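Reviewing the structure listed below.
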Amino acid sequence: MVQISALQYPEFRRYFVGQAVSVVGTWMQSVAGAWLVLQLSHDSAFALAVFGAFSYAPVLLFGLYAGTVVDRFSHRDVLLVTQAVSLVGAALYAVLTTTHIITLPMVMVLAAALGVNQALYFPARQATVLEMVGRCELASAVALNSTAFNLARIIGPAVGGIVIAAFGVAVCFWLNAVSYLGVIAALLTVRRRPRTEGPPQTAVQLIGEALRYVARTPSLAGLFLLLFVAGTFGANFNLVLPLFTRIVLHADADTLGYLFAAQGLGSLVGAITMTIAGGVLLEPRRIVMGGLLFAGMELVFLVMPSFGQSIVLLLVIGWSFAVYSIGTNTFVQVRSPDRMQGRMVSLYSMLFIGVTPIGNIWAGIVAHLFGPSAAVWMGGALTAVAGLAVLGYFMSRLSSRG
């Protein structure tokens, strides 16, 4: 049965609709931002890499501290502030671009500021959703949000490309700014919940408490270890696929679009799968199996697949990684105490999103030395080794208890 039961809660239903629209705008801005960087830098790949680092590195650098902020204040209020900051950031992009004042350093500063904002947004969003629907409906809510995200990942870049071609990048920024109004209006209708507080602690003490909790919880420790390896070495398609398209397939941007669409479609189906059977898959060993399937599909790139084979592989890769990542995300929240939700989700975000700059550097070096396909299958090999180690650890613990 499809798990859409989280939509029975009016607060979540309003937030879900507003967020679904906003995420499409976010993907449009992502495409517009990258295009703007290329325009300002005269097609510099290095500038684009720096832009990506400025956008994602704050999640890695400030993620755990951001989690302590979320755990200290009203989750809904923190989420509301992040959405307001995102609106202002999009509006600044739009005004500076429309007036032709924008420069490359300005873009980097805005990217870094919005990156810090993202570090707060991820844990605040997840903690607020948990408060809206409760633990019993959390799997449904996470799967629904992931479905909306992956659908937007297909629609947003496509619409963004059309808008850029017809009206220019500034219009994408304006549309993204407007898209935040709906989710902000929805959040204003969400009531504040009382927080579950522990003894007064500093930020460092709160971070230490969270890390000790993970170390004492084998299921979380194993899943976080695998997430770090998969996020750093396995999930680098935004960097590798353009190189694979040009160097291996000797194809153009249309082919690249089909490859990204295949991965996005697979991810969308994976998110829908989690709305149908998410409860069955929310067990640590089954989550790891999803990660191993993802790694196995990446290993097939060792044989230099053709375009048609790549499409099929990317569909399965997108599906398996969505099932794996959504399962990990949901399990982390279900297994974490209420007063640690911000810190636990921040750790998840750091290991899943914040490691992107590190992974891009690694994939770039491997692709340069051994070719784009090597960056994929080597990432799959490392993920497979980590997955087998974690699965073996879980099995040994099960045997020792039996």
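A compact table of results
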read-out	value
For the chain: accessible area per residue (Å², 1.4 Å)	43 Å²
Fluctuation leader among Q83, Q205, Q263 - the chain, Gaussian network, Cα springs under 10 angstrom	Q205
For the chain, built as a Gaussian network whose Cα springs stay under 10 Å, the top-fluctuating residue of G222, G161, G380	G161
Where labels lie 7 Å past Cα in the beta-carbon direction, separation of L299 and A389 in nm	1.6 nm
Two-site label geometry, I155 and V17: point separation in nm, points 7 Å out along Cα→Cβ	1.4 nm
Surface share of carbon and sulfur [accessible, 1.4 angstrom probe, percent] for the chain	72 percent
Ratio Rg/Rh [Cα only; Rh per Kirkwood] for segment 78-120	1.02
Extension reserve of the A113-V334 stretch, reckoned as 0.36 nm per residue once the Cα distance is removed	76.5 nm
Contour minus Cα-Cα distance for R285 and A91 (0.36 nm per residue)	65.4 nm
Of the DSSP H helices in the chain, those whose Cα atoms cover at least 24 Å axially and whose Kyte score averages -1.0 or more	10-41, 45-72, 75-98, 104-133, 138-167, 169-188, 253-281, 307-335, 372-401
Value of Rg/Rh across segment 1-154 [Cα atoms, Kirkwood radius]	1.01
Cα-Cα pairs of the chain separated by more than 31 Å (percent)	36 percent
Per-selection Kirkwood Rh - segment 206-308 (Cα, Å, 1 d.p.)	16.2 Å
Cα centroid of segment 321-383 to Cα centroid of segment 222-263, whole Å	13 Å
Shape category assigned to segment 335-402 from the gyration tensor of Cα positions, a/c cut at 1.5	oblate
Rounded, prolate or oblate (a/c below 1.5 giving rounded, otherwise prolate when a/b exceeds b/c) for segment 121-273 by Cα gyration tensor	oblate
GNM result for the chain, Cα springs below 10 Å: residue of A230, A141, A215 fluctuating most strongly	A215
Stretchable slack from T202 to R135, in nm (0.36 nm times residue separation minus alpha-carbon distance)	21.4 nm
Compactness of segment 228-272 - radius of gyration and Dmax, Cα, Å	11.9, 34
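The values are calculated or read from the model by the stated rules, or taken from the named source; none is laboratory data. All figures in this text were calculated on a predicted structure; none of them were measured in a lab. Positions of Cβ are backbone-derived with ideal geometry, glycine not excepted, and every protein chain shown enters the neighbour counts. The accessibility values were calculated without ligands, DNA or RNA, using every heavy atom of the protein model including side chains. Shrake-Rupley method; radii C 1.70, N 1.55, O 1.52, S 1.80 Å.
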